[in-house]
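Heads up: the structure comes next, in structure tokens.
The values are calculated or read from the model by the stated rules, or taken from the named source; none is laboratory data. Note that the coordinates shown come from a computational prediction; the quantities given were computed from them, not determined experimentally. Reconstructed Cβ throughout: ideal geometry from the backbone, glycine too, with neighbour counts over all protein chains shown.
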Amino acid sequence: MLDILRKLVHDIDAAPTLTVALDVIVQSVGDALKTEVCSIYLLDERSSRYVLMATQGLNAEAVGTVSLGLSEGLVGLVGQREELINLEDASSHPRYHYLPETGEERYNSFLGVPIMNRRKVLGVMVVQQQDKRRFGEAEEAFLVTLSAQISGVVAHAKALGQLENLHAPKGGVASPRIFHGVAGASGIAIGRAVVIYPPADLESVPDRATEDINGELALFNKALVAVRSEIQHLDSKMATSLMPEERALFEVYLRMLDDNALGGEIVEHIHTGNWAQGALRAVIDDHMQSFAAMDDPYLRERMADVRDLGRRLLAHLQKQTSPNRDFPESSILIGDDISTATLVEMPLENIAAIVTTTGAANSHMAIIARALGIPTVVGVAELPVGNLDDAEMIVDAYQARVYVHPSRELRKRYKEIIKEERQLVAGLDAYRDLPAETPDGHRITLYVNTGLMADVARGRERGAEGVGLYRSEIPFMLRDRFPSEEEQRNIYRQQLEAFAPYPVTMRMLDIGGDKDLPYFPIDEVNPALGWRGIRITLDHPEIFMVQIRAMLKADIGLNNLQILLPMISSVFEIEEAQHLLHRAVSEVQEEEKTTIHTPKLGIMVEVPSALIQIKDLAQIADFVSVGSNDLTQYLLAVDRNNSRVADLYTPYHPAVLRSLQYVVKETHAAGKKVSICGEMAGDPGTAILLMAMGFDSLSMSASNLLKIRKVLRTVPFSIAKNLLDQALAIDNAAVIRSMVELELNRLGLWELVRPTQKPVGGKVMA
């Protein structure tokens, strides 16, 4: 069974369409289980019916026409129960429903398993037998395993529009679609998609209609000539190094480019109206699938040759077209992954939003997007990137939703929201120079998180009282090598000068986890629990010392530097860092011939061990800063960037709130100040709870400063304290969130909480 399953999974992967894949499945399952019937029903969400999509044994004409309601028949029962059903006499079951169009009256035994993805039933797979037969445990296990394997294929096909028409044919109307991801940078945008794809990556090249067929043919022919010349050069170069039979490969390459081979097929594809790059990808994909399905190992290996040729042609095509890439106004960047460097190179004034299929809410790209005020949604795993070029889209980064081909009504609603949001932002300017002080006199300090100079400018414009977190890793990520001490000094000096005399808290290099440097790769099975943060820099004191020396030199004459240690998990790490700091102070003092101000050295509370040992750590550190993003993830064992479990991530979880209260209590007991610099600080609901807990300062993205200042100046401390007391006594995160949001709504702050929703008659209306 295992061998059959492996082959079946391989054949499914090689199938060019879902229809072909389903036909392969029913044929193979029927043969493997020696049953007379195997059928697959898929759920049509529009009609709420299970549609027969493939069968072996039933009437083939019933495919695509026969369907069952959600509660109809044994198929509906499997879907309702979300579990396997095995019957030896199906016709006697009260839920048995005969479909005359299928010709299934002869079949008595029934085994059905749900096809599920992310807790949703996508369809049902059924095997049937004429004789009364109860299928065995091994057969049940085989079908359950197979359904789990194909669930991803079905989910992907739905996303690609293979089950419903995502991209309508010319002259038709495309169907609206909604995709969900993870919010990277808040905001709303309406625009058209511009697909960003890495160079010479065939898989990421989208389809794109063209009216200039002759122009695309000219580009392709030019690339063809270039690749032929390239291969001939390689052949000549290896003339003395390879035997004639070994050099024959180059001749094979040249033949594959002929008009009667790959070259001719690509030309034909361009004539259908696809641009040259899309035509190339489509033809190469077809040939690679053909080679992959071959039984002969030697022929299967030729797949690599086809891929190589395709990449060579693509590289030359991209060289010809990249300088002319158009980014019209209100462009929405779409890609599997968009690097920080790629984003920075874009005409940012024309970028309305960013959407990626991978990535993390706290990736550096997302951080920069927040700094630039560009709405961003990441981790939209099912987004069919290749089919979206120039598609009209709405990006709602508040709710992490992406609408493709939105309806007229939806566009109208979101245009109204954007208008209201602009008016709201304009109204917040009045709070810029006002202190973050509650109506009953409680004062709290608001800092800004920075990484780029753009953060600095926006932070100062919006009245930040200093920097609570400078992400020093960002300058490292924007280079192809470690920056020198002098380069770092200049970068840090700009940050310190911009906010002097206000404090600037600089976090030591925090890489690892989801923050790799391209020139310092870290490959780990479980990076979240691996070599990251302070663990790396203490293992590489040369990196630590260069950075801290640069910080000290940058601070000369300003004396507003504070240093923050990331990912602290033990007292030993603080003591070792203190030793290196004192050593660096002595060295710089001797070099610069001046008295060096020794900065305060603080720690980040991000892991449970630091939380539990906070009493000890606070005695040693000069101050404490909570990294709420990582702390929440570690406490809940939830990766917020994993779309499968992201909905379990919530800062309102009782364990999170009670832990934060404990950190404040113990840090203050040690006579030290405590700040928080995660996403909780910039959220209106959690910000008032943090204030009530006693946090001395909140540090957030510049885009949230005015919003949080208004909230704090509106909510009396007494009300916030009462809310916190109630929240700490509740055991359900959803109840806590609702309670807080209802109170903010009562105080007239709803638009700051959920800009895309309005409470109507006690209910939230989207």
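Remarks
- Test for Ser47: is it without any contact (Cβ under 8 Å) to a residue 24 or more places away in the chain and not basic (Lys, Arg): yes
- Enumeration of residues in the range 581-617 that are touching a Leu at 6+ places or on another chain (Cβ under 8 Å) and of a type in the set (A, V, I, L, M): Leu581, Ala584, Val585, Val588, Ile596, Leu601, Ile603, Met604, Val605, Val607, Ala610, Leu611
- Residues of the range 108-160 satisfying the condition of being hydroxyl-bearing (Ser, Thr, Tyr) and within 16 Å of Leu77 (Cα to Cα): Ser109
- Members of the range 158-199 found to be among the aliphatic types (A, V, I, L, M), at pLDDT 70 or above and under 30 Å from Leu22 (Cβ atoms), listed by number: Ile178, Ala193, Val195
For (1) among the small types (Gly, Ala, Ser); (2) over 19 Å from Ala681 (Cα atoms); (3) surrounded by 15 or more Cβ atoms within 10 Å (Cβ to Cβ), each residue gets a yes or a no:
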| site | (1), (2), (3) |
| --- | --- |
| Gly459 | yes, no, yes |
| Arg462 | no, no, yes |
| Arg507 | no, no, yes |
| Lys515 | no, yes, yes |
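- Among residues of the range 676-700, those that are in contact (Cβ under 8 Å) with a residue 60 or more places away in the chain and over 28 Å from the mean Cα position of the chain (by Cα), counted: 4
- When we screen Ala54, Ala90 for residues that are more than 18 Å from Gly123 (Cα to Cα), without any contact (Cβ under 8 Å) to a residue 60 or more places away in the chain and among the hydrophobic types (A, V, I, L, M, F, W, C), the only hit is Ala90.
- Members of the range 518-529 that are outside any helix (DSSP H, G or I) and either within 24 Å of Met506 (Cβ to Cβ) or among the β-branched types (Val, Ile, Thr) (or both): Pro518, Tyr519, Phe520, Ile522, Val525
- Selection of the range 577-620 for residues being among the polar types (S, T, N, Q) and in a helix (DSSP H, G or I) yields Gln578, Ser586, Gln589, Ser609, Gln619.
- Count - residues of the range 668-680 that are surrounded by 24 or more Cβ atoms within 10 Å (Cβ to Cβ) and in contact with a helix residue (DSSP H, G or I) (Cβ under 6 Å, 6 or more places away or on another chain): 4
- Single unsatisfied condition, Ile620 versus (1) surrounded by fewer than 23 Cβ atoms within 10 Å (Cβ to Cβ); (2) farther than 22 Å from Thr505 by Cβ: (2)
- The residue list Ser718, Ser697, Ser701 contains one member that is modelled with pLDDT of 95 or more, in contact with a Gly (Cβ under 7 Å, 6 or more places away or on another chain) and not assigned by TED's automatic domain parsing to the domain that holds Ile367, which is Ser697.
- Within the range 338-351, residues that are surrounded by 15 or more Cβ atoms within 10 Å (Cβ to Cβ) have Cβ atoms under 8 Å from residues that are at pLDDT below 80 and among the β-branched types (Val, Ile, Thr) in these pairs: Thr340/Ile368; Leu343/Ile368, counting only partners at least 6 apart in sequence or on another chain.
- Identity of the residue in the range 200-216, assigned to a helix (DSSP H, G or I) and surrounded by 17 or more Cβ atoms within 10 Å (Cβ to Cβ), that ends up modelled with the highest pLDDT: Glu216
- Unique match (being surrounded by fewer than 15 Cβ atoms within 10 Å (Cβ to Cβ) and within 33 Å of the chain's Cα centre (by Cα)) among Ser609, Ser625: Ser609
- Just so you know, in the range 293-337 the residues that are surrounded by 13 or more Cβ atoms within 10 Å (Cβ to Cβ) and among the small types (Gly, Ala, Ser) include one that is modelled with the lowest pLDDT, and it is Ala293.
- Flag if Ile12 is modelled with pLDDT of 85 or more and in the same structural domain as Ala141 (by TED's automatic domain parsing): no
Quick grid of which residues meet (1) under 31 Å from the mean Cα position of the chain (by Cα); (2) of a type in the set (A, V, I, L, M):
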{"position": "Pro503", "(1), (2)": "no, no"}
{"position": "Gly513", "(1), (2)": "yes, no"}
{"position": "Tyr519", "(1), (2)": "yes, no"}
{"position": "Asp523", "(1), (2)": "yes, no"}
{"position": "Leu529", "(1), (2)": "yes, yes"}
{"position": "Asn560", "(1), (2)": "no, no"}
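- Gly427 being surrounded by fewer than 20 Cβ atoms within 10 Å (Cβ to Cβ), more than 30 Å from Asp555 (Cα to Cα) and not hydroxyl-bearing (Ser, Thr, Tyr): yes
- Given (1) at pLDDT 80 or above; (2) hydrophobic (A, V, I, L, M, F, W, C); (3) closer than 27 Å to Asn704 by Cβ; (4) in contact with an Asp or Glu (Cβ under 9 Å, 6 or more places away or on another chain), index of the condition Ala360 fails: (1)
- Within the range 243-259, being modelled with pLDDT of 65 or more and among the aliphatic types (A, V, I, L, M) holds for Ala248, Val252, Leu254, Met256, Leu257.
- So Lys553, is it in the same structural domain as Ala610 (by TED's automatic domain parsing), among the basic types (Lys, Arg), closer than 30 Å to Ile612 by Cβ and crowded, with 17+ Cβ neighbours inside 10 Å: no
- Selection count where residues are modelled with pLDDT of 85 or more and over 13 Å from the mean Cα position of the chain (by Cα), scope the range 365-389: 2
- Within the range 47-81, being of a type in the set (Val, Ile, Thr) and within 14 Å of Gln128 (Cα to Cα) holds for Thr55, Val75.
- Test: residue in the range 702-715 that is out of contact with any strand residue (DSSP E or B) (no Cβ under 9 Å at 6 or more places or on another chain), in a loop (DSSP other than H, G, I, E, B) and free of Cβ contacts under 8 Å to residues at least 60 places away in the same chain: no
- Elements of type helices (runs of 4 or more DSSP H) contained in the range 444-511, each with 2 or more residues being modelled with pLDDT of 95 or more: 485-499
- Qualifying residue in the range 39-49 (condition: of a type in the set (D, E, K, R), surrounded by fewer than 16 Cβ atoms within 10 Å (Cβ to Cβ) and in a helix (DSSP H, G or I)): no
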